[in-house]
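A short write-up of the structure that comes next.
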Amino acid sequence: MGCAVAHAVSKRWSDVFLVEQMPKLGMGASTRNSGVIHSGIYYPPGSLKARLCVAGNRMLYEFCAAHNVPHRNCGKLVVAHGPGQEGALEHLAENGRANGVEGLRVVDRAMVRKREPHIEATAALEVPSTGIVSAEDVVKTLARIAAEQGASLIPRARVSRLDPQEDSIAVTLAEGDASDPGPAIEQTSTMETIEARCVINCAGLYADEVAAMLGNRGYRIYPVRGEYCELVRAKSYLVNNLVYPLPHPDGLSLGVHLTRTLWDTVLVGPTADYIAEKNDYEHNRLPIEEFVRRAKPMLPELVAADLQLAYSGIRAKLVPPGDEGIADFVIEPDRNVPRAIQLIGIESPGLTSCLAIAERVATLVAEILQ
Ligand SMILES: Cc1cc2nc3c(=O)[nH]c(=O)nc-3n(C[C@H](O)[C@H](O)[C@H](O)COP(=O)(O)OP(=O)(O)OC[C@H]3O[C@@H](n4cnc5c(N)ncnc54)[C@H](O)[C@@H]3O)c2cc1C
């Protein structure tokens, strides 16, 4: 999001600074995801997620084509098992059409088998506008263009304080990320203060903590880990494209799905579990058998020996554990410090929507800087 916003605002304004606490850009959720260009079928009609995903989908394809970012518009299948689930597919299709997603159609078992000979399903929803992209290259390309437009990209710079002034916000930067060792470093490492006429909080999992630096304690982000396995090379022929189950009825995730990547590996995941720490990617990883259990209804011949553990990512959820439903993206000026713009709960489909979100942010920036 930071790169997309820097890309959008540096087109129109000078003196844009993108500060990132890690040594490189895009080490958070933005490169720890499925890399899927979502269509927008899942989200409540009229929500920001629905509107920005559908718009962002088109914008991202155009951006990738214009800047040679590796991607593939491969489409996807959402599969159903039995009449109950087939009804749910029709609802999903109706929801998608209400969101403006084009080309949706329910296909039968024979058609599923033609496209995916190893997948078991009684029917499936075909979603032609879904695709896959190299998230790393999206980040790098946005950053490169932003820099060419004059933006300053500063890694290893952590926002440690935000102090509203009369006509600006003083942004205090410390060196390195919050996990850098020792309070001694914290005390001696303050690098610089930037007087900003506008601050855009794109801190992902930590966006609630950055908002709290301005006294806004109204947001809380709950980290939800998504773990992946990968098919061993010899078994990657089992999946040709993207195959999804119906989404979790409680709205927690899209369910463990099968994703053929641009590198012809096949991801199985991500799972979805609330965790205590925002940077805990590896502790208590799920066993491979759990991925087999979840993927087997779609891929009956899958056995544990076909899988190896892969990476994990952490979602910035606004819905607390035990609650249900889909929380919308929050993209708004801070209620007390309106020259700060808060981007909170930018979970999936954040990668897909990044260019559309950035355009929306640029409109808010224009109101602040007018
Ligand atoms: C498992 C998983 C699968 C997903 N799959 C998809 C998908 O297929 N398609 C899709 O569209 N979306 C997907 N998403 C969602 C997508 O990845 C996110 O919406 C998007 O990457 C969020 O971007 P971000 O910039 O907000 O967060 P991040 O990429 O996490 O960036 C936030 C950055 O802020 C930095 N930061 C935090 N605090 C500070 C501070 N105080 N000072 C300086 N820097 C700071 C962090 O270091 C980090 O680099 C998935 C997400 C997950 C976790």
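The values are calculated or read from the model by the stated rules, or taken from the named source; none is laboratory data. This is a predicted model, so every value here is computed, not measured. No Cβ is skipped: glycine too gets one built from the backbone with ideal geometry, and neighbour counts run over all protein chains shown. Accessible surface areas use protein heavy atoms only, side chains included; no ligands, DNA or RNA. Shrake-Rupley method; radii C 1.70, N 1.55, O 1.52, S 1.80 Å.
Within the stretch 145-158, the set of residues being surrounded by fewer than 21 Cβ atoms within 10 Å (Cβ to Cβ) and more than 13 Å from the ligand (Cβ to nearest atom) comprises Ile145, Ala147, Glu148, Gln149, Gly150, Ser152.
Here Arg315 clears all of (1) within 17 Å of the chain's Cα centre (by Cα); (2) surrounded by fewer than 21 Cβ atoms within 10 Å (Cβ to Cβ); (3) part of a strand (DSSP E or B) except the condition numbered (2).
Scanning the stretch 159-190 for residues that are modelled with pLDDT under 85 and either closer than 19 Å to Leu205 by Cα or buried (at least 16 other Cβ atoms within 10 Å of the Cβ) (or both) gives Gly176, Asp177, Ala178, Ser179, Asp180, Glu186, Ser189. If you go through the stretch 1-26 and keep only what is open to solvent by 40 Å² or more (accessible area, probe 1.4 Å) and more than 6 Å from the ligand (Cβ to nearest atom), you end up with Lys11, Arg12, Trp13, Ser14, Asp15, Phe17, Pro23, Lys24, Leu25. Could you check the stretch 332-354 and list, in sequence order, the residues that are more than 12 Å from the ligand (Cβ to nearest atom), out of contact with any Asp or Glu (no Cβ under 8 Å at 6 or more places or on another chain) and of a type in the set (Val, Ile, Thr)? Across the stretch 332-354, the qualifying residue is only Val337.
If you check Ala272 against the conditions, is it open to solvent by less than 30 Å² (accessible area, probe 1.4 Å) and under 30 Å from Arg158 (Cα atoms)?
Working: open to solvent by less than 30 Å² (accessible area, probe 1.4 Å): yes; under 30 Å from Arg158 (Cα atoms): yes.
When the stated conditions are applied, Ala272 passes them.
Against the condition within 14 Å of the ligand (Cβ to nearest atom) and either more than 26 Å from Glu324 (Cα to Cα) or of a type in the set (D, E, K, R) (or both), how does Arg225 come out, does it pass? So that I can check it myself, show each step before the final result.
Working: within 14 Å of the ligand (Cβ to nearest atom): yes; either more than 26 Å from Glu324 (Cα to Cα) or of a type in the set (D, E, K, R) (or both): yes.
Against the criterion (within 14 Å of the ligand (Cβ to nearest atom) and either more than 26 Å from Glu324 (Cα to Cα) or of a type in the set (D, E, K, R) (or both)), Arg225 qualifies.
Per the listing Glu289, Glu301, Glu324, the residue uniquely away from the ligand (no atom under 16 Å from the Cβ), open to solvent by 40 Å² or more (accessible area, probe 1.4 Å) and closer than 20 Å to Pro44 by Cα is Glu324. Pairs meeting the criteria (first residue in the stretch 18-39 and among the β-branched types (Val, Ile, Thr) and modelled with pLDDT of 95 or more, second residue within 7 Å of the ligand (Cβ to nearest atom) and open to solvent by 30 Å² or more (accessible area, probe 1.4 Å), beta carbons under 9 Å, at least 6 apart or on different chains) are Val19/Arg158; Val19/Val159; Val36/Ser348; Val36/Leu351; Ile37/Leu351. When the stretch 27-57 is filtered for residues that are more than 6 Å from the ligand (Cβ to nearest atom), among the small types (Gly, Ala, Ser) and more than 20 Å from Leu364 (Cα to Cα), the ones remaining, listed by number, are Ser39, Gly40.
Residue-wise test of (1) within 13 Å of the ligand (Cβ to nearest atom); (2) of a type in the set (Gly, Ala, Ser); (3) in a loop (DSSP other than H, G, I, E, B); (4) under 24 Å from Ala327 (Cβ atoms).
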position	(1), (2), (3), (4)
Ala211	yes, yes, no, yes
Leu214	yes, no, yes, yes
Arg217	no, no, yes, yes
Arg220	no, no, yes, yes
Glu230	no, no, no, no
Ser236	no, yes, no, no
Leu246	no, no, yes, yes
Leu252	yes, no, yes, yes
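With respect to Asp306, determine if the residue is more than 22 Å from Thr31 (Cβ to Cβ) and either open to solvent by less than 40 Å² (accessible area, probe 1.4 Å) or not charged (D, E, K, R) (or both). Let's see the steps before the verdict.
Details: more than 22 Å from Thr31 (Cβ to Cβ): yes; either open to solvent by less than 40 Å² (accessible area, probe 1.4 Å) or not charged (D, E, K, R) (or both): yes.
In short, yes.
Scanning the stretch 338-349 for residues that are open to solvent by 20 Å² or more (accessible area, probe 1.4 Å) and not charged (D, E, K, R) returns Pro338, Ile346, Ser348. Scanning the stretch 193-221 for residues that are open to solvent by less than 40 Å² (accessible area, probe 1.4 Å), under 20 Å from Asp280 (Cβ atoms) and either modelled with pLDDT under 95 or under 18 Å from the mean Cα position of the chain (by Cα) (or both) gives Ala203, Gly204, Leu205, Ala207, Asp208, Ile221.
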